[in-house]
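The values are calculated or read from the model by the stated rules, or taken from the named source; none is laboratory data. Everything quoted here is computed from the prediction, not taken from an experiment. Glycine gets a Cβ as well: all are built from the backbone with ideal geometry, and neighbour counts include every protein chain shown. Surface accessibility is based on the protein's heavy atoms, side chains included, excluding ligands, DNA and RNA. Shrake-Rupley method; radii C 1.70, N 1.55, O 1.52, S 1.80 Å.
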Amino acid sequence: MAPRSRIALALVALWPWPALAEPAPPPPDLDCKIGFEALRNWATWLPGAERQSAGGKNVIAVAVPDVWRVEISFTEPGQVGHPAVVLRKFVKQVTGVWTAQSKACGYGDQAQFGDLMASMKAMDKTLTDASRDEVERKVIELSPLGGTP
């Protein structure tokens, strides 16, 4: 082996390479083909699943902090679109903004399910815009040019 090659190998061996982090597991996704009750069972058995109450609804939440979080809810009798399963995924972007993306499976009246989907998409936009506003507010506060009138 040539001396130059040995030097290069020695430098590579000594270099303090940063440890590569394991990639985050992907967020769960709905498989509408399996049905309402099967999805309810599936959601309760997701690794790290926690039951929470949000907005008067029972929610099953799963998260990889600072990467993504998922909230899964099931409609109750009398609610628009019942029976339906709603999965709202929040993904943290490189800008620090959390984007909301919803998916749902509807097993009842499709007209009501369409109303449910429209409501979910509108809420996704509201939640994403609120996160964007919060990030922009923090940037202004930290800026040496902004934050004080």
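Annotations for the structure displayed:
- Any chance Lys125 is at pLDDT 95 or above, under 30 Å from Pro23 (Cα atoms) and basic (Lys, Arg): yes
- When the residues of region 36-56 are filtered to those that are of a type in the set (S, T, N, Q) and not in a strand (DSSP E or B), the one that is nearest to Pro23 (Cα to Cα) is Thr44.
- Looking across region 57-75, the residues that are assigned to a loop (DSSP other than H, G, I, E, B) and either open to solvent by less than 80 Å² (accessible area, probe 1.4 Å) or in contact (Cβ under 8 Å) with a residue 12 or more places away in the chain (or both) come down to Asp66, Val67, Thr75.
- Within region 25-35, if we keep just the residues that are in a loop (DSSP other than H, G, I, E, B) and either touching a residue at least 40 places away in the same chain (Cβ under 8 Å) or touching a Ser or Thr at 6+ places or on another chain (Cβ under 8 Å) (or both), the residue that is most open to solvent (accessible area, probe 1.4 Å) turns out to be Asp29.
- Every residue from region 39-71 that is more than 11 Å from the chain's Cα centre (by Cα), within 21 Å of Ser119 (Cα to Cα) and among the hydrophobic types (A, V, I, L, M, F, W, C): Ala54, Val59, Ile60
- Check on Val94, open to solvent by 80 Å² or more (accessible area, probe 1.4 Å) and either more than 20 Å from Leu39 (Cβ to Cβ) or at pLDDT below 95 (or both): yes
- Here Gly108 clears all of (1) under 13 Å from the mean Cα position of the chain (by Cα); (2) touching a residue at least 12 places away in the same chain (Cβ under 8 Å) except the condition numbered (1).
- Check on Ser102, part of a strand (DSSP E or B), modelled with pLDDT of 95 or more, surrounded by 14 or more Cβ atoms within 10 Å (Cβ to Cβ) and hydroxyl-bearing (Ser, Thr, Tyr): yes
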